[in-house]
1. So what's the angle, to the nearest 10 degrees on a 0 to 90 scale, between helix 29-44 and the longest Cα principal axis of the chain?
2. Go ahead and set up a Gaussian network model of the chain, Cα springs under 10 Å, then flag whichever of GLY82, GLY232, GLY141 fluctuates most.
3. To test your reading of the geometry: what angle, between 0 and 90 degrees and rounded to tens, separates the Cα axis of helix 91-103 from the longest principal axis of the chain?
4. With everything on Cα atoms, drop me the angle between helix 259-269 and the longest principal axis of the chain, reported from 0 to 90° to the nearest 10.
5. Rounded to the nearest 500, what is the chain's calculated 222 nm mean residue ellipticity when only DSSP H runs of at least 4 contribute -39500 (n - 2.57) each, over all residues?
6. Can you tell me the order of 279-286, 218-225 when each peptide is scored by its average per-residue count of other Cβ atoms within 10 angstrom, highest first?
7. Could you calculate the FRET efficiency of LEU138 with VAL198 from 1/(1 + (r/R0)^6), where r is the beta carbon distance between them and R0 is 35 Å, rounded to 0.05?
8. Residues of segment 26-59 with backbone nitrogen within less than 11 Å of a virtual label 7 Å along the Cα-to-Cβ line of ASN239, please, listed as ranges.
Amino acid sequence: MDQPANAKDSPVTRYRGRFAPSPTGPLHFGSLVAATGSYLEARHHHGEWWLRIDDIDPPREQPGAAAQILSALERFGFQWDGPVHYQHQRTAAYLEAIQRLRDLGAAYDCGCTRRDIAAAGREGPNGRIYPGTCRHGLPPGREPRSIRLLTRGMRVDFDDLLQGPVRCDLERELGDFVIRRADGFFAYHLAAAVDDGVHGITHVIRGHDLLWCTPPQIAIQRLLGLTSPSYGHLPIAVNAAGQKLSKQTFAPPLDADKAGDQLWQALMFLGQEPPDDLRRAPLRELWAWAHAHWAISRLRGRQQAVVDCQQDSPAQP
Ligand code: GLU
């Protein structure tokens, strides 16, 4: 497989993208879209593309899924830079981040159960909003369960590379969110924010379903003094019923025996319009075409999913 110019050693190049699947099952078409978009955009900027396995949620993980994901990516012809990063090996970094957030007075213990929150919280665009019960200390007789981030007065505004300006009043729209769960596992927002920041990821290109996750992740990075990447949220693939393709909606796994055809479809979905005759061509020819023609601007403003944080009018192409 031809490797496009990778200017990893050039001091001029700063772009570093990444793909970060969770090993909860095999990759499906929606994952291929996110991988392809982030990969081609990174290579277009002569940048690096890192691979991170987000394996911090054992109850949701499937044995063997991480290995299956790596093998599928390889068979589809993706080439990542450096070693694969595994979040389960990053416990020390997450603990240190939580300690720093505590020292800043930005994180606190929470003794509430789901039932408490269901009873006292209000409904927000992304689920129940924590009512702030333990903000000033645990009520008498309560044991700490989870750790939450204090969002008092916190706003995060950012310019999404594809969706335009996004504004989020974290306190009102999300509330004090969990950074360490009651079962002891680290929350996705914390782990993603720390890794993207510490690994020097400059651009996160991922599915639009994760748009609402960006403000809390930027908030954590700001508190920790980490530089936030630029974010671009790709349209997501939905099924005929309008549901996002995911393991929960039984999206079929990728079939590496049909890698060329499926990659062609992913490029089509990403608005790149590869020529028909490449659909059955050797994979490397399709990649060569994709590297030569990739234009993320074709995707500006396309979302195919409900935006939960307030969003201004999409950026003009
Ligand atoms: N691991 C997350 C997922 O598979 C995505 C992480 C990200 O791109 O930030 O949904």
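The numbers here are math on the coordinates, done by the rules we state, and not lab data. Fair warning: this is a prediction, and the values are worked out from it, not measured in the lab. Glycine also receives a Cβ, built like all others from the backbone with ideal geometry; neighbour counts cover every protein chain displayed.
1. Helix 29-44 and the main axis of the chain meet at about 70 degrees.
2. Between GLY82, GLY232, GLY141, it is GLY141 that shows the largest mean-square fluctuation.
3. Its long axis makes an angle of about 40 degrees.
4. With both axes taken from Cα atoms, the answer is about 70 degrees.
5. Details: 9 runs with 95 residues, N = 317.
Computed mean residue ellipticity for the chain: -9000 deg cm²/dmol.
6. Details: 279-286: 14.6, 218-225: 19.4.
Most protected by this proxy first, the peptides run 218-225, 279-286.
7. Working: r = 30 Å, r/R0 = 0.87.
Once rounded, the FRET efficiency stands at 0.70.
8. none
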